[in-house]
Amino acid sequence: MLKILHLSDIHMGSGFTHGKLNPETGLNTRLEDFVSTLTKCIDYALAEPVDLVLFGGDAFPDATPPPYVQEKFATQFRRLVDAQIPTVLLVGNHDQHSQGMGGASLCIYRTLGVPGFVVGDRLTTHLIQTRNGAVQVMTLPWLTRSTLLTRPETEGLSITDINDMLIERLRTAMEGEVRRLNPEIPTVLLGHLMIDNANLGAERLLAVGKGFTIPLSLITRPCFDYVALGHVHRHQNLNKSNDPPVIYPGSIERVDFSEEKEDKGYVKVALEKGKVEWEFCALQVRKFQTIKVDISKATEPHEQLMKAIAKHNIEDAVVRLIYQLGSEQIDKIDNSAIHSALSTAHSYTIQPELISQLARPRLPELGASSAIDPMEALTAYINNRQDLKEISGLMMEAAHKLLSAKTEEVWLDTSEPTAINPSGQLRLL
């Protein structure tokens, strides 16, 4: 059986705000975390050794990472070249240039002719020879509406009609690839996709107006022995019957607090035609810890706050402390003591929230007869949800793009509707 390492969403260079400068290396400690975690993945590939590595996209936060970040990424993947392990690098939404500029950060590996490296930036099938036999890998990179349709084709159509056209256009393109597959060779679909039944977090909000959701039925075809996905940061299997397994390995590191409770890791796969076994392998990554406490009614607010901090093991963790207090309690808080209590953390932020003595304003009534503006309604909702404070700006941006998508989205001309060449994305965190 072929041994495969499936990993995705490395996002090397993300989350610097949660780190600090390492004076010995001059690097942000969160970059060092990401490098260390990627190293563990490559270590597994070499120790096994695997026959093939599949990367599901989003190598960096955007398409123009700093050279020193690119170097850290390339250094680890170079180890696969030296070990003669074929590798497929799929282009994700973060890897693409925005506003139709074309190209992707990973295309340099194809330009340089790196031995054994395949860059998946279009819908096509790659026949790859490994030490233990051949495998077919169909690559399906991140798609935008403009990838598949031209603006004149959508004139006067509703969003629903446009999405239906997109799915049918993709279905036709995939059918052409499927018919060219060799039924005797094990086949993998490698896609950077948003599937309709995936358990999504911030990915859904941040991709509004650019990408589109693909039905699970489009990729659960009998010709595929394994479906390797990227884009969603939470590990999950979307097809419990495993015929075929449809697997998001998730990201290999926590990017922000929205991923605080998620396990991070990679998937190891044993594959032959008509048979597949897979296993999620959790990685030991830096802990994120939120400490949230309401001390507004406490007679001894500082003591209660210190007790709340002491309940958590925060050593070497990325910590955010959120506490609510009344205006009359401000002078009772010893800020230096709080900083001292959090000093064992890797990094920390402190977010005091002042509770108004006035009655909490009610949300506007949003009944069928209400004429409130959608953006005003969302603003009112967010203002009454402290737990959404960290991503409120992103939510507002996504809502604005959704409401204005029909007039603001850039559509590119496509001379060959079935030749899929992704060319734009909304930048994510």
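For the range 310-334, backbone nitrogen atoms closer than 16 Å to the point 7 Å from E300 Cα along Cα-to-C-beta are found at 310-311, 332-334.
Stretching E315 away from D263 to a fully extended chain increases their span by 16.8 nm, per 0.36 nm per residue minus the current alpha-carbon distance. When the trypsin sites (Lys or Arg not before Pro) in the range 277-314 are filtered for DSSP coil states and for at most 11 other beta-carbon atoms within 10 Å of their beta-carbon, the remaining sites are K311. The GluC sites (Glu not before Pro) of the range 275-319 that meet both conditions, a loop assignment by DSSP and at most 13 other Cβ atoms within 10 Å of the site Cβ, are E315.
A Förster distance of 35 Å, applied to the separation of the beta-carbon atoms of V81 and R179, puts the FRET efficiency at 0.60. Both radii are taken from the alpha-carbon atoms of the range 1-155; with Rh as the Kirkwood radius, Rg/Rh is 1.01.
Every number here is computed from the coordinates shown, using simple stated rules; none is lab data. Source: prediction; values computed, not measured. No Cβ is skipped: glycine too gets one built from the backbone with ideal geometry, and neighbour counts run over all protein chains shown.
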